[in-house]
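Read through the structure below, which is laid out as structure tokens, and then see the notes.
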Amino acid sequence: MDEPDPAISTRPRISTGVQTGTVERADAGHPVAPSPLISVVMPVFNEQSHLDDQLDALSAQDIEGPWEVVISDNGSTDDTRDLVLARRSAFPVRLRLVDSSACRGAAHARNAGILAARAPLIAFCDGDDVVSRAWLSSALRGLADHDVVGGPLRRLVEPFDPHSARLPYTSIADDSIMTCSVALR
């Protein structure tokens, strides 16, 4: 039997910060950085065709200070995983890949990403989003005074149009939040 790959740990545990579950060490090439201020958690499933645009948008963020991106792959059968691994060395911040395929669904993938995140603040986006340059810095400013912040929802059109129609949003319950393009503490 082959020796375990030291670049992959098993099961995330929040209390110790030790990565456990199948967490791909996709941060190779980056020196050990200070703890991030915020972790961007992105659940993905077969997002190869959209993910480059989102990673380009995230790499252009105007945020100051350390942050990270945790991509939680929910069992993609396309080349999503390979795309993430290929982008990690040139990515401006730590880019990590979590295998969340044990249980299918976006909720599980988000939760696995949260467990792997190292920051006290979490921002969610999806692989088919294209966040604005100020998305993360705006989230940090908002989180200074609020527990949950989010931006406008727009209709997704192909090709991407940042000025597409805004969608109305109404909360379905007093204790629920949307988990796309949202940040929380």
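The values are calculated or read from the model by the stated rules, or taken from the named source; none is laboratory data. Quick caveat: nothing in here was measured; it's all calculated off a predicted structure. Neighbour counts run over all protein chains shown; Cβ positions are idealised from the backbone, glycine included. All accessible areas refer to the heavy atoms of the entire protein, side chains included, with ligands and DNA or RNA removed. Shrake-Rupley method; radii C 1.70, N 1.55, O 1.52, S 1.80 Å.
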Taking Pro36 and the conditions (1) outside any loop (DSSP other than H, G, I, E, B); (2) in contact with a strand residue (DSSP E or B) (Cβ under 6 Å, 6 or more places away or on another chain); (3) of a type outside the set (Val, Ile, Thr), which numbered condition does it fall short on, given that it satisfies the others? (1)
How many of the residues making up segment 95-120 are farther than 13 Å from Phe45 by Cβ and open to solvent by 30 Å² or more (accessible area, probe 1.4 Å)? 6
Taking into account only those residues within segment 30-53 that are of a type in the set (Val, Ile, Thr) and at pLDDT 95 or above, which is surrounded by the fewest Cβ atoms within 10 Å (Cβ to Cβ)? Ile38
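When you check Asp62 against the structure, is it within 23 Å of Pro159 (Cβ to Cβ) and open to solvent by 50 Å² or more (accessible area, probe 1.4 Å), yes or no?
The answer is no for Asp62.
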Assuming Gly113 fulfils every condition listed in (1) in a loop (DSSP other than H, G, I, E, B); (2) at pLDDT 95 or above apart from one, which condition is it? (1)
Out of the residues in segment 121-136 that are part of a loop (DSSP other than H, G, I, E, B) and not small (Gly, Ala, Ser), state the one that is surrounded by the fewest Cβ atoms within 10 Å (Cβ to Cβ). Arg133
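State all residues of segment 138-152 that are assigned to a helix (DSSP H, G or I) and open to solvent by less than 70 Å² (accessible area, probe 1.4 Å); if no residue qualifies, say none.
Ser138, Ala139, Leu140, Gly142, Leu143
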